[in-house]
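**Q** Pasting in a structure now, in structure tokens, and then I'll have a few things to ask.
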Amino acid sequence: MVEFKEKYSYGGWENCLYLSNGNIELVATTDVGPRIMRFSFLGQQNLFRELKNEMGKTGGNDFRLYGGSRFWHGPEANPRSYFPDNELVEYGWDGSTIKLLQKVESTTGMQKEILIKMDPEVDKVSLTYRIYNKNLWNIKLAPWALTVMNLGGRAIIPQEPFQSWEKKLTPARPMVLWGYTAMDDPRWIWGRKYIQLKQDRDAKTRQKIGLLNKQGWVAYDLGEDLFIKRYGFDPDASYVDYGVNTEIYTDKDILEVETLGRYDDIEPGGCVEHKENWYIFKAWPGEDEDSIDSTVLPLLEKTELP
């Protein structure tokens, strides 16, 4: 059974929503957003980053990061992507699913919605993200789910399976870099099976990578907790940023695990949808690839795509 609480106080916001299946818990605020601010084992460390100087704030015209997990539309552009989600959001609860609905964005004519459903028996949360076009004209965009992870962890991104030159002549691992990406930065671990990126509180620069990830998962290792996102890949879809559906960004304050849906035209009154499944496990994968294989891959067998 899943416990639901409304008017739950968290981080200085009085109008939060709480879910727990007795083993894990999730908190979403309705004072701003849509935002999910906490995902954790019951009473234990938050997997998500909380920016203390912004927690509890509402209103205003400046974009605030807040932390937690947010919902954007890609490709990234300022000011379009940076519409401040500082206002109250509508919510509903039907006994199994929370619905968070943002007001129509005054500068873009778009409206964001997140559906959140916690499994009563498995440490899993299913999310459906939707963007509605409230304009009188078509808009082309991609739904973009950005989860700001807590400090000091490590992102683990699977590569496509290795194939020899004799077996496959065509490319298999699309990867894009940003102008500020430095491949010799010590936060990167470039392996044959995995790409890893560490969050470092003392870092002086930013790093980002994008990949077309057909494996359907990405993970974040934070001490004894392992967070896994599952999401789909559509071989017939177009994706933004030279065709990627996974992006990882870090600086001294955050590391973001980002997934993107297909890049489509949305007709007036229409919407685009993106889905994720979130899981957390108690696990301690090392940085070497054998350790990741032996620790993470058996856990993946317990998960599923949305």
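**Q** Of the residues VAL104, VAL89, VAL122, which single one is closer than 23 Å to TYR279 by Cβ and β-branched (Val, Ile, Thr)?
**A** On the way: VAL104 fails: closer than 23 Å to TYR279 by Cβ; VAL89 fails: closer than 23 Å to TYR279 by Cβ.
So the residue among VAL104, VAL89, VAL122 that is closer than 23 Å to TYR279 by Cβ and β-branched (Val, Ile, Thr) is VAL122.
**Q** I've got another one for you. Give me the pairs: first residue in segment 13-24 and under 22 Å from ASN86 (Cα atoms) and touching a residue at least 40 places away in the same chain (Cβ under 8 Å), second residue among the charged types (D, E, K, R) and surrounded by fewer than 17 Cβ atoms within 10 Å (Cβ to Cβ), beta-carbon distance under 9 Å, and six or more apart or on different chains, which are they?
**A** So the pair list comes out as ASN15/GLU6; ASN15/LYS7; LEU17/LYS5; LEU17/GLU6; LEU17/LYS7.
**Q** Would you call GLU6 in a strand (DSSP E or B) and either under 18 Å from the mean Cα position of the chain (by Cα) or of a type outside the set (Val, Ile, Thr) (or both)?
**A** Values: in a strand (DSSP E or B): yes; either under 18 Å from the mean Cα position of the chain (by Cα) or of a type outside the set (Val, Ile, Thr) (or both): yes.
Yes; evaluated as a whole, the condition is true for this residue.
**Q** Looking at (1) open to solvent by 10 Å² or more (accessible area, probe 1.4 Å); (2) within 29 Å of LEU197 (Cβ to Cβ), find the lone condition where LYS112 falls short.
**A** It is condition (1) that LYS112 fails.
**Q** Any residue in segment 277-291 that's in contact (Cβ under 8 Å) with a residue 12 or more places away in the chain: show its pairings with residues that are of a type in the set (S, T, N, Q) and assigned to a strand (DSSP E or B) at Cβ separation under 7 Å, as long as the two are six or more apart or on different chains.
**A** So the pair list comes out as ASN277/SER126; GLU287/GLN196.
**Q** Same structure again: Restricting to segment 147-185, name every residue that is open to solvent by 60 Å² or more (accessible area, probe 1.4 Å) and more than 28 Å from TRP278 (Cα to Cα).
**A** Once the filter is applied, which keeps residues that are open to solvent by 60 Å² or more (accessible area, probe 1.4 Å) and more than 28 Å from TRP278 (Cα to Cα), segment 147-185 yields GLN163, TRP165, GLU166, LYS167, LYS168, LEU169, THR170, PRO171, GLY179, TYR180, MET183, ASP184.
**Q** Something else about it: Here is a list: LYS57, LYS99, LYS134, LYS117. Which entry is open to solvent by 40 Å² or more (accessible area, probe 1.4 Å), touching an Asp or Glu at 6+ places or on another chain (Cβ under 7 Å) and in contact (Cβ under 8 Å) with a residue 12 or more places away in the chain? Give the steps one after another, and end with the answer.
**A** Values: LYS57 fails: touching an Asp or Glu at 6+ places or on another chain (Cβ under 7 Å); LYS134 fails: touching an Asp or Glu at 6+ places or on another chain (Cβ under 7 Å); LYS117 fails: touching an Asp or Glu at 6+ places or on another chain (Cβ under 7 Å).
None of the other options fit; the residue is LYS99.
The values are calculated or read from the model by the stated rules, or taken from the named source; none is laboratory data. Because the structure is a prediction, the values reported are computed rather than measured. For neighbour counting, all protein chains shown are included, and Cβ atoms are generated from backbone atoms with ideal geometry for every residue, glycine included. Side chains included, ligands, DNA and RNA excluded: accessible areas come from the protein's heavy atoms. Shrake-Rupley method; radii C 1.70, N 1.55, O 1.52, S 1.80 Å.
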